[in-house]
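Heads up: the structure comes next, in structure tokens.
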Amino acid sequence: MNTITKTTLSVAVLAFGCMLAPTLHAKDSVPGRTISYADLDMDTQDGAQALYNRVNKAARKVCKVMYPPYSLTGGVQHKQCVADLVEGAVNEVGKPVLTAIHEERTQKVMTTGDIAGR
């Protein structure tokens, strides 16, 4: 039995194009990054953590093009863009260890935000 393992993924503002970037026109290029993880063992904590870090970094770079993180209006949109792209990449890879890391990270952020909001 032959199995094909996907070892790259793209982090791009594609599905969210209309929602996240209403000012982009069809002729404009859509920002994106391709991430390779062929060198990582996705069944280990270290491998999944390394990919999570790569995805997060790529998402920040992609979103920075459209939503400058330190601008008055772009900060919130930038954070949401990064969160959406990371979530999509984690779901695309579909590895349990990576998903667990993502859930732990997002739960910490939600808990911290909930506490700060009280």
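A few notes on this one:
- Any hit, the range 42-49, residues being of a type in the set (Ser, Thr, Tyr) and touching a Leu at 6+ places or on another chain (Cβ under 9 Å): no
- The set of residues from the range 67-87 being crowded, with 19+ Cβ neighbours inside 10 Å and out of contact with any Lys or Arg (no Cβ under 6 Å at 6 or more places or on another chain) comprises 67, 78, 81, 85, 86.
- Test result for residue 38, modelled with pLDDT of 80 or more and surrounded by fewer than 15 Cβ atoms within 10 Å (Cβ to Cβ): yes
- Pair list, Cβ < 9 Å and 6+ apart or interchain, from the range 34-59 residues that are farther than 15 Å from residue 90 by Cβ to residues that are assigned to a strand (DSSP E or B): 34/8; 34/9; 34/10; 34/11; 34/12; 36/8; 36/9; 38/8
- Only residues that are at pLDDT 90 or above and over 16 Å from residue 46 (Cα atoms) were counted across the range 104-118, and they come to 1.
- Restricting the first member to the range 72-99 and to residues that are free of Cβ contacts under 8 Å to residues at least 12 places away in the same chain, and the second to residues that are surrounded by fewer than 19 Cβ atoms within 10 Å (Cβ to Cβ) and outside any helix (DSSP H, G or I), the beta-carbon pairs closer than 7 Å and six or more apart or on different chains are 74/68; 75/69.
- Restricting 50, 59 to residues that are crowded, with 21+ Cβ neighbours inside 10 Å and within 15 Å of residue 9 (Cβ to Cβ) narrows the list to 59.
The values are calculated or read from the model by the stated rules, or taken from the named source; none is laboratory data. The model shown is predicted, which means the values in this text are computed figures rather than measured ones. Cβ: placed from backbone, ideal geometry, glycine included. Neighbour counts: every protein chain shown.
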